[in-house]
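The structure appears right after this line, and notes come after that.
The values are calculated or read from the model by the stated rules, or taken from the named source; none is laboratory data. Note that the structure is predicted; figures quoted are calculated from it, not measured. Here the Cβ positions follow ideal geometry from the backbone for every residue, glycine too, while neighbour counts run over all protein chains shown.
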Amino acid sequence: MKVHSAEIVISAVAPKQYPESELPEIALAGRSNVGKSSFINTLIDRKNLARTSSKPGKTQTLNFYLIENSLYFVDVPGYGYAKVSKTERAKWGKMIETYLTQRQQLRAVVSLVDLRHAPSQEDIQMYQFLNYYQIPVIVVATKADKIPRGKWNKHESMIKKALDFDPADTFIIFSAVTKEGKEAAWQAIEAAIEKDQNV
């Protein structure tokens with residue numbers, strides 16, 4: 001998709017604040033420093049609509065980005081960041097769970113993991129959670145530019161094994177630096193939206 005218009009519409013913490021719209025939504029989940037903002041900015045050809053931060057854990061709300069007036073990207077708070085109190089984390093957890101399990105407009109979740117490392121416990125839990133609720137998942141392995149291309153397959157296998165990856169889901173190797181995987185990510189997102197419309 002060629003993106004000409006993209007804007008952040010609302011930051012929500014509860015269902016009553018979600019946009020009143022029937023447009024499809026794609027949620028983005030991942031560890032605090034996995035490169036979610038860079039992924040969003042790469043997909044929408046913007047430098048900094050989604051703010052990248054040197055302080056992980058800054059996103060504490062569900063941020064709804066309206067893309068081309070035809071879909072929403074929903075950036076959910078990054079998990080696994082140690083400096084956030086347990087109470088705060090539990091609050092985020094509830095907010096994310098409510099959104100993921102109750103939002104009718106949700107079509108798929110882009111679950112971002114770091115291609116360089118084995119998935120964290122939280123990555124695995126998130127993937128299992130999405131599978132349990134039968135929410136379509138697009139696993140995007142970021143920071144591919146930091147690994148020699150010849151080792152990508154090895155790292156992909158390591159991640160899939162740790163996640164117990166379901167072949168029905170999509171796996172994409174991605175780099176915000178080289179734009180590797182950008183087209184594949186859009187194709188997967190568009191396929192998830194179309195699939196739902198055809199049900």
query: So which residues in the stretch 139-156 are of a type in the set (A, V, I, L, M) and in contact (Cβ under 8 Å) with a residue 60 or more places away in the chain, if there are any at all?
result: 140
query: Checking residue 162 against (1) surrounded by fewer than 21 Cβ atoms within 10 Å (Cβ to Cβ); (2) closer than 17 Å to residue 43 by Cα; (3) touching a helix residue (DSSP H, G or I) at 6+ places or on another chain (Cβ under 9 Å); (4) of a type in the set (A, V, I, L, M), which single condition isn't satisfied?
result: (2)
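Test residue 193 against the criterion of being among the β-branched types (Val, Ile, Thr), within 26 Å of residue 44 (Cβ to Cβ) and modelled with pLDDT of 95 or more, and give yes or no.
Values: among the β-branched types (Val, Ile, Thr): yes; within 26 Å of residue 44 (Cβ to Cβ): yes; modelled with pLDDT of 95 or more: no.
Considered against the rule, which asks whether it is among the β-branched types (Val, Ile, Thr), within 26 Å of residue 44 (Cβ to Cβ) and modelled with pLDDT of 95 or more, residue 193 comes out as no.
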field: Some residue of the stretch 14-22 being surrounded by fewer than 19 Cβ atoms within 10 Å (Cβ to Cβ), within 16 Å of residue 100 (Cβ to Cβ), in contact (Cβ under 8 Å) with a residue 60 or more places away in the chain and small (Gly, Ala, Ser)
entry: yes
field: Checking residue 159 against (1) touching a Pro at 6+ places or on another chain (Cβ under 8 Å); (2) in contact (Cβ under 8 Å) with a residue 60 or more places away in the chain, the condition it does not meet
entry: (2)
field: Verdict on residue 145 being surrounded by fewer than 16 Cβ atoms within 10 Å (Cβ to Cβ) and at pLDDT 95 or above
entry: yes
